[in-house]
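*Asks:* Please read through the structure below; I'll follow up with questions.
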Amino acid sequence: MIDSHCHLDLLAEPERSELQQARYRAGLKGLVIPGLEPKQWPLAKRLAGQQPGGGYALGIHPWYLCNDAEGVASQLEQLGKACESASESRQLVAIGECGLDGVKGPSLGLQQRAFGAHIDLANQYGLPLVVHSVKANKALQSWLPKIRHGFMLHGFYGSAPLAQQILAAHERSFIGIGAAVLRSGNNKLVDALIDVPLERLLIETDDPQHGQYDFAGLLTRIAAKVAEIKDTNVEQVIQQTQQNALSLMPRLRNIV
């Protein structure tokens with residue numbers, strides 16, 4: 001199994017090490033730690049290096065963007081320098097987490113400026129994007145054609161039409177499925193997944209601090225629920241989503 005989006009950096013020691021040991025015993029093969037903001041990047045990089053099959057991404061989450069143009073410009077300058085410095089690292093597997101959020105963060109204009117800069121860096125260094133989108137899908141659609149090396153829309157919980165729009169946006173677009181699929185009454189997400197090919201899905205744990213589920217076994221539970229929805233077996237889901245992660249993020253092949 002590959003956890004395609006895991007904020008392992010949000011856990012403290014010794015809980016982090018204990019949980020990771022349990023996860024690897026449960027079949028984890030690799031994971032990707034997304035970037036949040038400049039001061040978090042060194043920790044994400046260090047943790048990725050400590051995990052078997054660990055990769056990381058560099059990016060600025062919409063929630064962590066500054067509220068003014070000058071501050072965002074400074075953040076983006078730091079991101080550019082960090083990407084240049086790490087461009088040859090096999091553990092830098094993606095750019096992000098980045099995107100648009102209509103609920104939290106600075107103005108949509110500033111968010112779009114930052115998102116465009118992330119796309120440019122991903123295109124420049126031949127890396128895929130880890131995309132965050134909350135109540136901003138219409139604005140997001142105009143940016144997706146600019147992406148050259150694929151992307152994952154992480155934490156998907158949208159409708160069937162939105163899922164199809166994401167799939168149509170790029171031949172290497174993938175939908176990340178997390179703990180939302182385990183919630184009761186989430187018929188919209190279940191309906192959306194019915195028509196999404198297994199070859200375009202990724203599985204993820206996202207935030208290990210949500211506390212609602214046993215983190216050590218969460219990825220397996222997500223895979224099992226996807227298997228139920230797709231009327232297949234969990235082994236097939238695990239194998240295919242792992243292959244999908246390696247397809248989207250080829251540098252992972254060197255470390256998993």
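The values are calculated or read from the model by the stated rules, or taken from the named source; none is laboratory data. The model shown is predicted, which means the values in this text are computed figures rather than measured ones. Here the Cβ is made from the backbone with ideal geometry for all residues, glycine too, and neighbour counts use every protein chain on show.
*Asks:* Would you be able to tell me the number of residues in region 177-194 that are crowded, with 17+ Cβ neighbours inside 10 Å and either in contact with a Gly (Cβ under 6 Å, 6 or more places away or on another chain) or of a type in the set (Asp, Glu) (or both)? Walk me through it before giving the result.
*Replies:* We begin by selecting, within region 177-194, every residue crowded, with 17+ Cβ neighbours inside 10 Å; these are 177-179, 181, 189, 192-193.
Filter once more, keeping what is either in contact with a Gly (Cβ under 6 Å, 6 or more places away or on another chain) or of a type in the set (Asp, Glu) (or both): 178.
Residues meeting the conditions: 1.
*Asks:* Need the failing condition index for Gln40 against (1) surrounded by 17 or more Cβ atoms within 10 Å (Cβ to Cβ); (2) of a type outside the set (Gly, Ala, Ser); (3) under 21 Å from Asp120 (Cα atoms), just the number.
*Replies:* Going through (1) surrounded by 17 or more Cβ atoms within 10 Å (Cβ to Cβ); (2) of a type outside the set (Gly, Ala, Ser); (3) under 21 Å from Asp120 (Cα atoms) one by one, Gln40 breaks only (3).
*Asks:* Quick one: would you say Ile203 is closer than 25 Å to Arg25 by Cβ and modelled with pLDDT of 95 or more? Outline the logic, then answer.
*Replies:* Numbers: closer than 25 Å to Arg25 by Cβ: yes; modelled with pLDDT of 95 or more: yes.
Against the criterion (closer than 25 Å to Arg25 by Cβ and modelled with pLDDT of 95 or more), Ile203 qualifies.
*Asks:* Oh, and also: Does Ala44 count as without any contact (Cβ under 8 Å) to a residue 60 or more places away in the chain, touching a strand residue (DSSP E or B) at 6+ places or on another chain (Cβ under 9 Å) and not in a strand (DSSP E or B)? Give the steps one after another, and end with the answer.
*Replies:* Working: without any contact (Cβ under 8 Å) to a residue 60 or more places away in the chain: yes; touching a strand residue (DSSP E or B) at 6+ places or on another chain (Cβ under 9 Å): yes; not in a strand (DSSP E or B): yes.
For Ala44, the condition - without any contact (Cβ under 8 Å) to a residue 60 or more places away in the chain, touching a strand residue (DSSP E or B) at 6+ places or on another chain (Cβ under 9 Å) and not in a strand (DSSP E or B) - is met.
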